[in-house]
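Input: a single structure, listed below in structure tokens.
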Amino acid sequence: MALSLSETALLIASALRDRDVHAMRKINDRCIDETAVKFGQHTYLYALISYVLSKVISKPRYYTQKKAAESLAKVVQLLRSCESFSKQADYESLLASQNKILLAIEKMDDADRRFVKGIISKGKLKIASTLYAQGISLGSASEMTGTDKRELLLYAGQTMMFDRLKEKKSIHERMKDLREIFS
Amino acid sequence: MICDASSLISLTDSCFIHALYFLKRRYKGNFIIPPSVEYECVQHPMHMKMHSIHAIRLKRAINEGVIEVVDADIGKKVQEIRWTANNLFYAQGTPLRLLQEGETEMLALSREIGVDNLLIDERTTRMLAEDPESLRQHLEEELRRPITVDEENLSSIARLTKGIRFFRSSELLLLAYEKGYFADYGKLKEDAIEASLYKLKYSGCAVGFGEISDYISRNVKE
């Protein structure tokens, strides 16, 4: 059954409090599925938040930072605001709080940056790739997540998604047609 | 042949854009892109450190007439195809928003200028036109819920895409291989085309490992 926006905030906060990576990933999966179906910005942002938080709580380099406790407390507080705004159907304030959460996590990532691509960009790419693998087009997945098509193609190319779904028209048949055109 | 952004990205990323030059020199046809693809593949990435070289390669191909930018009045057709495609499958009453404007523009341009050949590496658009039932089943499995079809829109999509032939960059490169594009490799040319197909795959061309190995073993390394 689909989760409501307020329930999602509550579940993310609970998984964060318990440092439960498995639960956080399950929330992430559900949010991605919901994003594919409803194409809603708020659900997508919850997918992104749960993805990056699953990374934060699974990597000591984040939560052993000096200011980590402070930053994570702020995230929990913002998740409470998200829950409350969702209940009030105040979607503009919900969006603002979700963006503040991402900003707080981005700051944690910047404090100990290891890769050119930050944790948020990586999360966007991962979600876009999942949407594309699920059957949403490359352009729609790229549009929803704000990911560049090029990066998404490269990422998808490293996965097995094109082997998991067999296409009706074979490479042999396409070659036959193509030879005809270029004859 | 109308080219989609996805194919041009795969070809430039894997350094095979010259296969277009090679084929263009030997055949009469044109490689066409709409202005939106030029924006996506040239103007937009021109300022991205990681991708600007690909944009420059394509800009050069446009300047040299290998790729032609064709503008047409396709607004209405885009809307019609987009609406139909995005109201085709339903998950518990909610229509799935499958295609974006860029993808529908390719189909609309094809109809408007009467070009039936589309070069597109992106999988969903191709499946929607060629095999919507498999796409429905795939969505159902992936999203773990029943996906229903609007039969009227299914007929409309079939009508709107009737006669379109879809190709991937993998087939285009194979054709170039058959016409001698890899001749300089001498005895290594069979290995070179095989490796090149894998490179295209890793660059995002929607082709399976199985498809490549099957084709190579049956047609290249017999």
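The values are calculated or read from the model by the stated rules, or taken from the named source; none is laboratory data. Note that the structure is predicted; figures quoted are calculated from it, not measured. Cβ: placed from backbone, ideal geometry, glycine included. Neighbour counts: every protein chain shown. Side chains are part of the model used for accessible areas, which takes the heavy atoms of the whole protein and leaves out ligands, DNA and RNA. Shrake-Rupley method; radii C 1.70, N 1.55, O 1.52, S 1.80 Å.
Structure notes:
- When we screen A:D29, A:D109, A:D18 for residues that are among the acidic types (D, E) and in contact with a Phe, Trp or Tyr (Cβ under 9 Å, 6 or more places away or on another chain), the only hit is A:D109.
- Residue match in the range B:22-44 (condition: touching a helix residue (DSSP H, G or I) at 6+ places or on another chain (Cβ under 7 Å), of a type in the set (F, W, Y) and under 21 Å from B:I193 (Cα atoms)): yes
- Filtered residue count, the range A:67-103, keeping only those that are of a type in the set (A, V, I, L, M, F, W, C), within 20 Å of the chain's Cα centre (by Cα) and crowded, with 17+ Cβ neighbours inside 10 Å: 8
- Of the residues making up the range B:3-19, at least one is under 28 Å from A:D177 (Cα atoms), of a type in the set (D, E, K, R) and under 14 Å from the mean Cα position of the chain (by Cα).
- Looking only at the range B:132-188, and only at residues there that are charged (D, E, K, R) and away from chain A (no Cβ under 12 Å), the one that is least open to solvent (accessible area, probe 1.4 Å): B:D150
- Search result, residues across the range B:166-194 that are farther than 26 Å from B:M127 by Cα and small (G, A, S): B:G180, B:A183, B:G186, B:A192
- Any chance A:Q41 is open to solvent by 60 Å² or more (accessible area, probe 1.4 Å) and under 29 Å from A:S140 (Cβ atoms): yes
- Of all residues making up the range B:70-120, the number that are in a loop (DSSP other than H, G, I, E, B) and open to solvent by less than 10 Å² (accessible area, probe 1.4 Å): 5
- The criterion of being over 15 Å from the mean Cα position of the chain (by Cα) and aromatic (F, W, Y) does not hold for A:Y44.
- Residues that are facing another protein chain (nearest Cβ under 7 Å) and either open to solvent by 40 Å² or more (accessible area, probe 1.4 Å) or not hydrophobic (A, V, I, L, M, F, W, C) (or both) number at least 2 in the following helices (runs of 4 or more DSSP H) confined to the range A:117-183: A:138-145, A:149-157, A:171-181.
- Enumeration of residues in the range B:91-111 that are more than 13 Å from A:F39 (Cα to Cα) and more than 15 Å from the chain's Cα centre (by Cα): B:Q92, B:G93, B:R111
- The set of residues from the range B:27-43 being at pLDDT 90 or above and either within 11 Å of chain A (Cβ to nearest Cβ) or farther than 26 Å from B:R111 by Cα (or both) comprises B:S36, B:V37, B:E40, B:C41.
- One residue from B:D116, B:D73 being modelled with pLDDT under 95 and touching a helix residue (DSSP H, G or I) at 6+ places or on another chain (Cβ under 9 Å): B:D73
- Scanning the range A:48-71 for residues that are of a type outside the set (A, V, I, L, M, F, W, C) and at pLDDT 90 or above yields A:S50, A:Y51, A:S54, A:K55.
- Members of the range B:188-222 found to be of a type in the set (S, T, Y) and either more than 16 Å from A:E167 (Cα to Cα) or touching a residue at least 12 places away in the same chain (Cβ under 8 Å) (or both), listed by number: B:S196, B:Y198, B:Y202, B:S203, B:Y215, B:S217
- One residue stands out among those in the range B:99-131 that are facing chain A (nearest Cβ under 7 Å) and hydroxyl-bearing (S, T, Y): the one that is nearest to B:N30 (Cα to Cα), which is B:T125.
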